[in-house]
Amino acid sequence: MTRIAVLGAGKIGEALLAGLLAAGRSVDDLTFTERHPERAADLTSRLGVAAADVTTAAAKAEAVVVAVKPQDIAPVLAELKSAIRPGTLVVSLCAGLPTALFEGGLPEGTPVVRVMPNTPMLVGEAMSAISAGTHATDEHLATVEEMLGAVGRVVRVPESQQDAVTALSGSGPAYFFYLVEAMIDAGILLGLPRAVAADLIVQSAFGAARMLRESADHPVILREAVTSPAGTTIAAIRELERHGVRAALIDAIEAARDRSVELGRAAESR
Ligand SMILES: NC(=O)c1ccc[n+]([C@@H]2O[C@H](COP(=O)([O-])OP(=O)(O)OC[C@H]3O[C@@H](n4cnc5c(N)ncnc54)[C@H](OP(=O)(O)O)[C@@H]3O)[C@@H](O)[C@H]2O)c1
């Protein structure tokens, strides 16, 4: 069992700690750092995990998970540099920050794994993509897979694909929320009460997501099964095509990728 220190227990850090506990990790194997003592005390009372300062947390840990906002990284790296033991695995959840930034700020040879998670981690259904830095081995990647497997699914990608991952699954939940919002509006236009429209759409989204995950069929096949000749679904699909929804989604995700590249460059030049 790896002893894990989470630096920055905000939304994502807390979700990871809760997921690890739910997966059977002992509170004694976990610790976290937090800037606000009240939040630290609140987390300790709810989860039973003790808070520590960076030096104490890093000294005991075999894996240090960095979960502060990317703009807060500089002081954390500075503290970590003197506190970390040689060979301790550093796992970054910080969107857009390259492994090279960590390797440059930490002792020579520190293994770093970069992760792009997403917010469904809050309900144990994250999609996380992980990439090895220069000194991270297959074993380090396996450790991170096991850790993040407690809060969802994990895939390995080369670091060069992390901007695409950010655009697709990092921001992905927001696209689904946006679609659901629009579909609830449609229900209201058609005269349904908001709560009923929301129920209909949220359960439909949940059911469709389960079918997508559990069926071996391509999404096209699943859609065709609902699209009968001269029926209601094809009337709706024609409108979606006429309004260029498919092209809009492709352009939107490309724009998110471009923005991720821009933010990564800005982070490197800071
Ligand atoms: N939320 C998402 O959708 C999402 C998705 C993918 C990746 N991520 C990545 O996950 C990371 C965490 O995101 P989040 O949404 O969980 O952010 P968050 O809720 O703001 O959590 C970050 C926490 O770290 C604390 N912190 C900052 N500097 C610290 C320091 N020096 N020592 C100890 N604690 C410190 C912050 O305290 P303060 O409240 O004082 O700032 C805050 O509680 C980010 O790097 C983000 O890019 C997030």
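Among the residues of the range 90-141, those that are surrounded by fewer than 21 Cβ atoms within 10 Å (Cβ to Cβ) and of a type in the set (Ser, Thr, Tyr) comprise Thr119, Thr134, Thr137. With respect to (1) surrounded by fewer than 22 Cβ atoms within 10 Å (Cβ to Cβ); (2) out of contact with any strand residue (DSSP E or B) (no Cβ under 8 Å at 6 or more places or on another chain), the lone exception for Ala51 is condition (2). For the range 62-90, a residue qualifies if it is closer than 12 Å to Phe102 by Cβ, away from the ligand (no atom under 13 Å from the Cβ) and either touching a Pro at 6+ places or on another chain (Cβ under 6 Å) or small (Gly, Ala, Ser) (or both), and exactly one does: Leu89. When restricted to residues that are more than 20 Å from Val6 (Cβ to Cβ) and either part of a helix (DSSP H, G or I) or not assigned by TED's automatic domain parsing to the domain that holds Lys69 (or both), the range 104-155 contains 3.
Conditions tested, residue by residue: (1) in contact with a Phe, Trp or Tyr (Cβ under 9 Å, 6 or more places away or on another chain); (2) modelled with pLDDT under 95; (3) of a type in the set (S, T, N, Q).
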| residue | (1), (2), (3) |
| --- | --- |
| Val6 | yes, no, no |
| Gly13 | yes, no, no |
| Ala23 | no, yes, no |
| Ala41 | no, no, no |
| Gly48 | no, no, no |
| Val66 | yes, no, no |
| Pro75 | no, yes, no |
| Gly87 | no, yes, no |
| Leu93 | no, no, no |
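Applying the criterion of at least 3 residues that are closer than 20 Å to Leu141 by Cα to the strands (runs of 3 or more DSSP E) found wholly in the range 1-103 leaves 4-7, 63-66, 89-92. Checking each residue in the range 61-76 for being surrounded by 17 or more Cβ atoms within 10 Å (Cβ to Cβ) and more than 21 Å from Thr119 (Cα to Cα) picks out Ala61, Ala63, Val76. Quick one: in the range 1-48, of everything that is within 22 Å of Ala83 (Cα to Cα) and of a type in the set (Val, Ile, Thr), which residue is nearest to the ligand (Cβ to nearest atom)? So the residue we want is Thr33. Out of the range 227-251, which residues are surrounded by fewer than 11 Cβ atoms within 10 Å (Cβ to Cβ), within 21 Å of Gly172 (Cα to Cα) and small (Gly, Ala, Ser)? The answer is Ala247, and nothing else. Scanning the range 91-120 for residues that are near the ligand (Cβ under 8 Å from one of its atoms), touching a Gly at 6+ places or on another chain (Cβ under 6 Å) and touching a residue at least 60 places away in the same chain (Cβ under 8 Å) yields a single hit, Gly96.
The values are calculated or read from the model by the stated rules, or taken from the named source; none is laboratory data. Keep in mind it's a predicted model, so treat the numbers as computed, not measured. Methodologically, a virtual Cβ is constructed for each residue, glycine included, from the backbone with ideal geometry; neighbour enumeration extends over all protein chains shown.
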